[in-house]
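The values are calculated or read from the model by the stated rules, or taken from the named source; none is laboratory data. Computed from a predicted model, the values in this text were never measured in an experiment. Here the Cβ positions follow ideal geometry from the backbone for every residue, glycine too, while neighbour counts run over all protein chains shown. Just the protein is used for accessible areas: all its heavy atoms, side chains included, with ligands, DNA and RNA removed. Shrake-Rupley method; radii C 1.70, N 1.55, O 1.52, S 1.80 Å.
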Amino acid sequence: MNREEINKLFGVTDEQLDRMAEEYESGEWKGGVGPVVPGRPRIYDEELETISFRLPKSRVNAIDARARRNGETRSQFLRQAVDDALLANR
């Protein structure tokens, strides 16, 4: 995600962010921050469970290579592959 996409997601412009930064740095900022939630953001609305299974090394290498090309982790790739397989068989 690039800077413009992030700004659009949060409904701000670079100019607004610069103005807020100037106010903050000068001690004049009246804003606040939301609650700080420790840890990684949740990726699902339910608890995740770890599973383990064995694959040939060549398959693991292929998964890792595909995940890298897609800019994702092995876990992200596998979660999506499982979701795709489950949705395809409905």
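Table for the structure above
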read-out	value
Residues (loosely packed, with under 10 Cβ neighbours inside 10 Å and in a loop (DSSP other than H, G, I, E, B)) located in the range 42-62	Ile43, Tyr44, Asp45, Glu46, Glu47, Glu49, Thr50, Ile51, Ser52, Phe53, Arg54, Pro56
Filtered residue count, the range 1-10, keeping only those that are outside any helix (DSSP H, G or I) and open to solvent by 100 Å² or more (accessible area, probe 1.4 Å)	1
Considering residues of the range 11-41 that are hydrophobic (A, V, I, L, M, F, W, C) and surrounded by fewer than 10 Cβ atoms within 10 Å (Cβ to Cβ) only, the residue farthest from Glu72 (Cα to Cα)	Val33
Given (1) surrounded by 12 or more Cβ atoms within 10 Å (Cβ to Cβ); (2) modelled with pLDDT of 95 or more, index of the condition Ala65 fails	(1)
Selection count, the range 7-59, where residues are at pLDDT below 90 and under 27 Å from Asp83 (Cα atoms)	11
Every pair of residues 6+ apart whose Cβ atoms lie under 8 Å, when the first sits in the range 12-41 and is over 23 Å from Asn2 (Cα atoms) while the second is among the aliphatic types (A, V, I, L, M) and open to solvent by 60 Å² or more (accessible area, probe 1.4 Å)	Trp29/Met20; Gly31/Met20
Unmet criterion (only one of (1) surrounded by 10 or more Cβ atoms within 10 Å (Cβ to Cβ); (2) free of Cβ contacts under 8 Å to residues at least 12 places away in the same chain) for Leu78	(2)
Subset of the range 1-34 (residues that are touching an Asp or Glu at 6+ places or on another chain (Cβ under 9 Å) and of a type outside the set (Gly, Ala, Ser))	Arg3, Glu4, Asn7, Asp14, Glu22, Glu28, Trp29, Lys30
